[in-house]
Amino acid sequence: MSAAPRVLALIPARAGSKRLADKNIKPLHGKPLLAWTVEFACQQPELSDVLVSTDAESIAAIARQYGAQVPWLRPAPLASDTAGSVAVIQHALEAQAIAGEHYDYLVLLQATTPFRDAGMLREALQRCMAADGAPVWAFAAAQTHPQWCYQSADGGHFRPYIAAAQEVSRSQDLPAAYQASGSFYVIGVSRFLATSSLGGADLQGVVSGDPVYDCDIDDIYDWMRAEAIAALRFGESSTAGQPG
């Protein structure tokens with residue numbers, strides 16, 4: 001009987017944040033924002049290890065408090081505004097390999113997307129495994145359809161962002177459009193190491209049916225929305241579990 005595949009849940013959480021200071025540790029409905037993602041990951045039996053990649057000991061302490069592993073701190077060059085997810089993932093996999101920890105699949109979880117559906121993640125993992133490690137992302141309906149977007153031109157004029165876009169007056173007449181929700185990205189480790197990418201031509205998606213799971217916090221207005229969602233879903237309790 002073959003061993004169960006090893007799945008690493010990686011949660012990047014650096015200290016710097018320009019638009020919303022210290023957002024990863026800012027209390028959301030009674031507990032640090034990071035804690036929502038850590039607790040969710042620790043509750044999923046399919047995930048072998050839950051690892052937080054951070055450059056700050058203050059964030060590491062909170063991650064450990066809620067159940068995540070933080071065996072090392074991320075190097076400063078990988079914690080800048082320009083550092084991309086690919087380099088952060090590569091560093092984590094290399095550091096874990098040096099420590100003797102190897103994985104078959106990777107689940108990237110953003111700390112800034114606090115609410116998740118466990119069923120969506122299970123479906124994404126199953127699809128990834130069935131497709132030999134092909135990437136699977138969480139998607140949501142696009143907030144603004146691309147056929148309704150415009151770009152500025154010379155002389156203060158605006159033109160359709162998609163040159164061949166037809167003017168459609170009713171949203172229900174438009175073809176469906178989606179955007180990555182940020183909830184999770186799943187991929188086979190071998191595939192990621194070979195391509196240095198979380199995507200590809202064979203990208204699959206799992207679409208959220210509840211806008212709660214599409215809440216991605218980038219600024220104070222996103223934060224206000226997250227607080228409203230948390231209060232609506234969990235009432236007065238600050239230790240309530242997550243939906244899904």
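If Lys and Arg each add +1 and Asp and Glu each add -1, what is the summed charge of the other residues whose beta carbon sits under 15 Å from the beta carbon of Val212?
Net charge in that neighbourhood comes out at -3.
Sort out for me the Cα centre separation of the range 112-127 from the range 21-70, rounded to whole Å.
17
Residue farthest toward the positive end of the dipole of the range 42-171, with Cβ of Lys/Arg at +1 and Asp/Glu at -1: which of Tyr103, Ala130, Trp72?
Ala130
Treat every Asp and Glu Cβ in the range 48-166 as -1 and every Lys and Arg Cβ as +1, leave all other atoms uncharged, and give the resulting dipole magnitude about the Cα centre to the nearest 20 debye.
Around 320 debye, computed over the range 48-166.
Which far-off residues, 5 or more places away or on another chain, put their amide H under 5 Å from the one on Asp104, with H placed in the peptide plane?
Arg6, Val7, Leu8
Per residue of the range 172-187, what does 6.51 cos²θ - 1.76 cosθ + 1.60 with θ = phi - 60° give for ³J(HN,Hα)? Whole Hz please, x for Gly and Pro, Karplus curve as stated.
Result, ordered by residue: 5, 8, 8, x, 4, 10, 10, 9, 5, 7, x, 5, 6, 9, 10, 7 Hz.
Can you tell me the relative contact order of the chain? Whole percent, Cα pairs under 8 Å, sequence separation 6 or more.
Dividing the mean separation by the residue count of the chain yields 24 percent.
By its C-alpha gyration tensor, with a ≥ b ≥ c as the square roots of the eigenvalues, how is the range 1-122 shaped: rounded for a/c under 1.5, else prolate for a/b larger than b/c, else oblate?
It comes out oblate by the Cα gyration axes.
For the chain, what is the mean residue ellipticity at 222 nm derived from helices alone (per DSSP H run of n ≥ 4: -39500 (n - 2.57); sum divided by total residues; nearest 500 deg cm²/dmol)?
Rounded to the nearest 500, the figure is -8500 deg cm²/dmol.
In straight Cα distance, which aspartates and glutamates are under 14 Å from Lys26, not counting same-chain residues fewer than 8 positions off?
Asp218, Asp219, Asp222, Glu227
Determine ³J(HN,Hα), in whole Hz, for all residues of the range 189-197 in sequence, where each value follows from phi through the Karplus function 6.51 cos²θ - 1.76 cosθ + 1.60 and θ = phi - 60°; x replaces Gly and Pro.
Once θ is set to phi - 60°, the couplings for the range 189-197 become 5, 4, 4, 4, 5, 7, 10, 6, 8 Hz.
Using θ = phi - 60° and the Karplus form 6.51 cos²θ - 1.76 cosθ + 1.60, what ³J(HN,Hα) does each residue of the range 86-92 get, whole Hz, x for Gly and Pro?
Rounded to whole hertz, the list is 4, 5, 5, 5, 4, 4, 4.
If the only charges are +1 at each Lys and Arg Cβ and -1 at each Asp and Glu Cβ, what is the size of the charge dipole of the chain around the Cα centre, to the nearest 20 debye?
Charge dipole of the chain: 180 debye, to the nearest 20.
In the range 20-40, which residues have a backbone nitrogen under 16 Å from the label point lying 7 Å from Leu232's Cα in the Cα-to-Cβ direction?
29
Could you tell me which label, among (1) 19.2, 69; (2) 16.7, 53; (3) 18.1, 66, carries the value of Rg and Dmax of the Cα atoms in Å calculated for this structure?
(1)
At a 10 Å Cβ-Cβ cut-off, how would you order Tyr213, Tyr66, Tyr221, fewest neighbours first?
Ranked by crowding around the Cβ, least crowded first: Tyr221, Tyr66, Tyr213.
Every number in this text was worked out from the coordinates using simple rules, so none of it is lab data. Fair warning: this is a prediction, and the values are worked out from it, not measured in the lab. Note that each Cβ is placed from the backbone with ideal geometry, even for glycine, and that neighbours are counted across all protein chains shown.
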